[in-house]
Amino acid sequence: MPHSSQEQPISENVAFSSPSIGRHPEARPYSRLGALQPIPDLCQPAPCAGLPGPCRFKPVCGRSCSPAIQCIISRAAVFNSMIFHGRPIVFGGQTSVKLNDLTIQCRKSDLKSMRNLNLDQLQTLIAIADLGTFAAAAQALHLAPPTVSLHIKELEARMNATLLLRGRRQAELTSAGQVLVQKGRKLLEAGDDLIDQVQRHASGRAGLVKVGVSAGVNIRLFPLMLDALSRHSPGIDIKLEAVGSADSMQRLKAGTLDIGLVASPQAESAEIMLTPWRNDPMVALLPAAWEVPERVSPEWLASRPWACFASATQMHGLIAGWFGQAGLSPRPFIALTYTEALKSLAAAGQAAALLPLEAMEERQQQSSVQIRHLSPTLMRPMAIAHRQLPTLNPAVASVLAVLAKFGNQAAASTPRLA
C-alpha cells in the first residue's frame with residue numbers, strides 16, 4: 001500500500017538499541033552529555049515487513065534495514081503515537097520510549113515548548129556574561145568547551161532567541177540575553193535558597209516545633225532556652241502553649257504537640273517517652289510584714305492564708321500531699337493559674353504563695369517578700385515528654401538537645417537561699 005504524502009513522520013531524529021537485536025549500523029553513538037547526534041534522511045516513508053501499511057521510517061543513508069528491524073522501529077513508533085498521542089515526553093531535549101527491551105530515543109524541534117528551563121544552561125550563560133568568553137566560562141564551571149557551546153545552543157533554542165553575539169575575542173549579550181541574565185541571577189539565587197531550606201529541614205536546622213508548658217515552669221528559662229536555640233538552630237521556630245501536664249500527654253498522643261514539659265510522675269505509655277528534666281525544691285513566698293519561722297511547716301501555714309495553683313494542675317496535688325503527710329487538709333485562700341499572679345499576692349501582703357524555688361530568683365532581693373524553705377522538704381520533679389517514633393523529627397531532636405542543657409537533676413538537694 002503506498003504511503004500517503006500528507007502523513008507526517010513521527011520524529012526528525014531517531015536512534016535505537018536493543019539487547020536482543022544489537023545496534024543499527026548507522027545509529028550514531030551518544031555524546032558524553034547523552035545528546036543524540038544527527039541522523040540524516042531518516043523520516044521518509046518506506047515499506048516495512050510485518051506491519052500492514054507503510055513504515056514511517058526510511059532506512060538510514062539509503063541502506064535497507066532487515067525486515068525485523070524495520071518492523072520493530074515501526075511498531076515502537078505506533079506505540080509512541082498511541083501512548084503519547086503524537087507528542088512524546090521530552091527529557092533534556094530527548095524523547096525516550098521503551099517497548100519491551102527496545103529503547104527508541106528521538107529529538108523533536110517542535111517540542112521545545114514542553115521543556116522546562118535548565119538551570120545549568122542558565123548558569124553557563126551567566127558565567128559567559130561575567131567572564132566574557134566561552135573558554136573562561138568552561139574553565140570556571142569545570143566543563144568541556146563543547147558542553148558550554150551545547151548549553152548555549154539549547155538555551156537559545158528553548159528561548160527561541162539569540163542570546164549571545166559571538167565575537168573573535170569576546171561574547172556579548174543581546175538585549176534578550178541581558179534580560180535573561182538579569183532575571184536568571186534571581187532564579188539561581190532562589191534555587192540555592194530552596195536547596196538550603198530543604199537541607200535545613202532535613203538536618204533539623206529548620207522547622208516548627210510545638211512545645212506544651214505546664215504550670216509552674218519558670219518563665220525566666222524560656223528567653224534563655226530560645227536564645228540558645230537561635231544560636232544552635234536559627235531556622236527552628238518554637239510555638240509555646242500553656243497546657244496542663246495531663247492535656248500535654250493527650251495532645252502528644254494525638255500528634256498536636258511535639259514536646260511537653262510535664263510534671264512527674266506521669267502514667268507510663270508505650271507511645272510517649274518521658275525523660276527526667278528538673279527537680280526543684282518548693283518554697284514559701286511570704287509577705288515581708290509576717291513573722292515567719294526559719295522553715296515553714298504544714299502546721300504553721302495551715303492557719304494562715306496561702307495560695308497555690310488551681311486544682312486541675314499536678315502542682316496542686318503535690319502541695320495537698322505535703323499537707324496530707326501532716327494529717328491536714330486545708331483549703332487555699334485562692335487558687336490561680338499563673339505564677340506571676342501568685343507572686344503578686346505575696347508582694348501585696350495578702351497571702352503566702354507556694355512555688356518552685358527556680359521561679360523565685362528575681363524575688364530574693366526584694367524587700368516586699370521573704371522566702372523560706374518548707375519542712376519537710378517538698379520537691380517538684382519535671383520531665384520532658386515526646387512521642388516515641390522510629391525516626392525522630394530532626395527539628396524536634398534539636399529542641400530536645402537544647403532543653404536537656406537546662407535540666408538540673410543535680411538540684412535535688414536543697415540549695416542555699418541568698
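Take Phe309, Phe134 and order them by how many other Cβ atoms sit within 10 Å, fewest up front.
Ordered by Cβ neighbours within 10 Å, fewest first: Phe134, Phe309.
If the chain between Ala288 and Glu271 were fully stretched, how many nm would it gain, using 0.36 nm times the residue separation less the Cα-Cα distance? Kindly include the intermediate steps, with their values, before the conclusion.
Numbers: separation 17, 0.36 × 17 = 6.12 nm, distance 4.73 nm.
Extending this stretch completely gives an extra 1.4 nm.
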The stretch 285-326 and the stretch 182-230: distance between their alpha carbon centers, rounded to Å: 42 Å
For Arg380, distant residues with modelled amide H under 5 Å away: Asp280, Met282
Sequence-distant residues sharing a close amide H with Ala326 (under 5 Å, placed H): none
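Pairs of alpha-carbon atoms within less than 8 angstrom and 6+ residues apart define the contacts here; what relative contact order does the stretch 218-305 have, in percent?
Working: 21 pairs, mean separation 13.1, N = 88.
Relative contact order for the stretch 218-305 comes out at 15 percent.
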Label-to-label distance, nm, for residues given as Thr256 and Ala242 (7 Å Cα→Cβ offset): 1.8 nm
Karplus-derived 3J(HN,Hα), 6.51/-1.76/1.60, for each residue of the stretch 301-313, Hz, glycine and proline x: 6, 4, 8, 10, x, 9, 10, 8, 6, 4, 5, 6, 8
Amide proton proximity set for Ala352, modelled H, under 5 Å, gap of 5+: Trp306, Ala307
Contact order relative to length of the stretch 119-201, as percent, for alpha carbon pairs under 8 angstrom and 6 or more apart: 30 percent
Gln170 versus Thr337: modelled label distance in nm, points set 7 Å from Cα along the beta carbon direction: 7.1 nm
Residues Arg220, Arg158, Arg169, sorted so that the one with the fewest Cβ neighbours within 10 Å comes first: Arg169, Arg220, Arg158
Theoretical FRET efficiency, 1/(1+(r/R0)^6), r = Cβ-Cβ of Ala144 and Gln366, R0 60 Å, to 0.05: 0.20
Inter-label distance, nm, simple model (7 Å from Cα along the C-beta direction), Phe406/Ala312: 2.4 nm
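Read-outs throughout are calculated quantities, based only on the coordinates presented, and are distinct from any laboratory measurement. Just so you know, these numbers come straight off a predicted model, no measurement behind them. Note that we place each Cβ from the backbone using ideal geometry, even for glycine, and neighbour counts take in every protein chain shown.
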